[in-house]
Amino acid sequence: MAQLPDNPDALYGDMIMEHYRSPRHRARLAAADVETEEFNPFCGDRVRLQLQLARPGSIAGVSAVAEGCSIIQASASLLADSVQGRTVEGAADLSQLFRDLMQGRPLPPIARAELGDLEALEIVRQYPVRIKCALLPWVALEEGLRRLR
Ligand code: ZN
């Protein structure tokens, strides 16, 4: 297992650091259909996710606000970018693909293409204690999607 870097900036790569420094979709939604929150007491990470649906069942609005390490903040921002405009089912499928990526399951090229920018988070696998940080926003997403069904 690799040492946790004190200054991870260089190691995590540009995509992650860019989303960490300039997170997307942080504005609170006034009319969210569902709001979920997840907390990891071990590292103090916290994420609050809101989803708003448009007809017919596509995710029209996403708000994701994360506090904690760079990985949870980048993952929340990338999640928000990635699920906006998807259907509830499509977002659930993407979430499963992201879990597969983080768990090191072999993914065909078409699945990697579907993940898009999220693939940048694969580097977190080199720092196993941070995998939970990357997944926490997705736990919040899955809970939200469950409530929307
Ligand atoms: Zn963390």
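Bear in mind these aren't lab numbers, they're just calculated from the coordinates by the rules spelled out. This one's a predicted model, so the numbers in the text were calculated from it and none came from an experiment. A quick note on method: Cβ atoms are made from the backbone with ideal geometry, for glycine too, and the neighbour counts reach across all protein chains shown.
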*Which ³J(HN,Hα) values, rounded to whole Hz and listed in residue order, are derived for region 52-59 from phi using the Karplus coefficients 6.51, -1.76 and 1.60 in 6.51 cos²θ - 1.76 cosθ + 1.60 with θ = phi - 60°, glycine and proline given as x?*
10, 9, 10, 6, x, x, 9, 7
*asked:* Could you give each residue of region 139-148 its phi-based ³J(HN,Hα) in whole Hz, using Karplus coefficients 6.51, -1.76, 1.60 with θ = phi - 60°, and x for Gly or Pro?
replied: 4, 5, 4, 4, 5, x, 5, 4, 6, 7
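For GLN103, what charge total do you get from the other residues with a beta carbon under 15 Å from its beta carbon, if Lys and Arg give +1 and Asp and Glu give -1?
Working: positive: ARG99, ARG105, ARG112, ARG125, ARG130, LYS132; negative: ASP100, GLU119, GLU122, GLU142.
Spelling it out: positives minus negatives among the neighbours equals +2.
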*Assuming R0 = 22 Å, can you tell me the calculated FRET efficiency for the pair ALA31 and GLU67, based on Cβ-Cβ distance, to the nearest 0.05?*
0.40
_Residue-wise HN-Hα coupling along region 61-68, computed from phi with Karplus coefficients 6.51, -1.76, 1.60 (Hz; x: Gly, Pro)_ = x, 9, 10, 9, 10, 10, 10, x
*How much length is gained on full extension from ILE110 to ARG125, taking 0.36 nm per residue of separation minus their Cα-Cα distance?*
3.3 nm
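Stretch ALA54-GLN96 to full length: gain in nm at 0.36 nm per residue minus the Cα-Cα span? Mind dumping the intermediate values first?
Details: separation 42, 0.36 × 42 = 15.12 nm, distance 2.26 nm.
Additional length available on full extension: 12.9 nm.
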*How do the peptides 137-149, 107-119 rank, highest first, by the average count of neighbouring beta carbon atoms within 10 Å per residue?*
137-149, 107-119
*What are the residues whose amide H is under 5 Å from the amide H of ARG26, where those residues sit 5 or more places off or on another chain and H is modelled from the backbone?*
ALA64
*Output the relative contact order of the chain, whole-number percent, from Cα pairs under 8 angstrom with separation of 6+ residues.*
28 percent
